[in-house]
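Trainee: Before we start, here is the structure in question, set down as C-alpha cells.
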C-alpha cells in the first residue's frame, strides 16, 4: 500500500464549499480500482484544517487518480478556497500488509 496524507488549510469563509467539493471528489475517488481508502477528516479545534488520507494499491495509482475528471474538477474548484498551498506526506504501510486488506 502507498498512503498519502494531504494537509489543507481552507479560508474560513470557504469551509462549507470546500467540504462539499471534497466529499464529491472522495465519493468518486473510492470508485477507482487503485484506491483502497479515501478519508476526509476535519480538525476538531480548527475547522479550517483538513487532512485527506488517501490509500492506494501501488505508488503509480496517485498519478492515475490525478488524471481523472473528478480530481481535476476538485483541484480547479478548491484552489482559491485554500488559505495556503496544500502539502502532502507520503507513507508506506507496515501493518496491515497487502494480504490483510483483501
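Please treat every number below as a calculation from the coordinates, not as lab data. Quick caveat: nothing in here was measured; it's all calculated off a predicted structure. No Cβ is skipped: glycine too gets one built from the backbone with ideal geometry, and neighbour counts run over all protein chains shown.
Trainee: Restricting to Cα pairs below 8 Å that are 6+ residues apart, what does the relative contact order work out to for the chain? Please round to a whole percent. Don't skip to the answer; put the middle values down first.
Mentor: Working: 157 pairs, mean separation 45.4, N = 102.
In percent, rounded to a whole number, it is 45.
Trainee: Using just the helices of the chain, give the 222 nm mean residue ellipticity in deg cm²/dmol: DSSP H runs with n ≥ 4 each add -39,500 (n - 2.57), and the total is spread over all residues, rounded to 500.
Mentor: Value at 222 nm, helices only: -9500 deg cm²/dmol.
Trainee: Label residue 76 and residue 30 with points 7 Å out from Cα along Cα→Cβ: what is the distance between them in nm?
Mentor: Roughly 2.6 nm, to one decimal.
Trainee: A further question on this structure: What ranking, highest mean first, results for peptides 87-96, 41-50, 69-78, 18-27 when packing means the other Cβ atoms within 10 Å averaged over each residue?
Mentor: 18-27, 69-78, 41-50, 87-96
Trainee: With everything on Cα atoms, drop me the angle between helix 15-29 and the longest principal axis of the chain, reported from 0 to 90° to the nearest 10.
Mentor: Long axis of 15-29 versus the principal axis of the chain: about 20 degrees.
Trainee: Provide the gained length on full extension for the span residue 95 to residue 42, in nm with one decimal, where the gain is 0.36 nm per separating residue minus the Cα-Cα distance.
Mentor: The residue 95-residue 42 span can extend by a further 16.6 nm.
Trainee: Could you give the spread of the C-alpha atoms of the chain along their three principal axes, from largest to smallest, in whole angstroms?
Mentor: Cα extents, longest axis first: 43, 31, 19 Å.
Trainee: What spacing in nm lies between the two simple spin-label points modelled at residue 68 and residue 3, each 7 Å away from Cα in the Cβ direction?
Mentor: According to this spin-label approximation, the distance is 2.0 nm.
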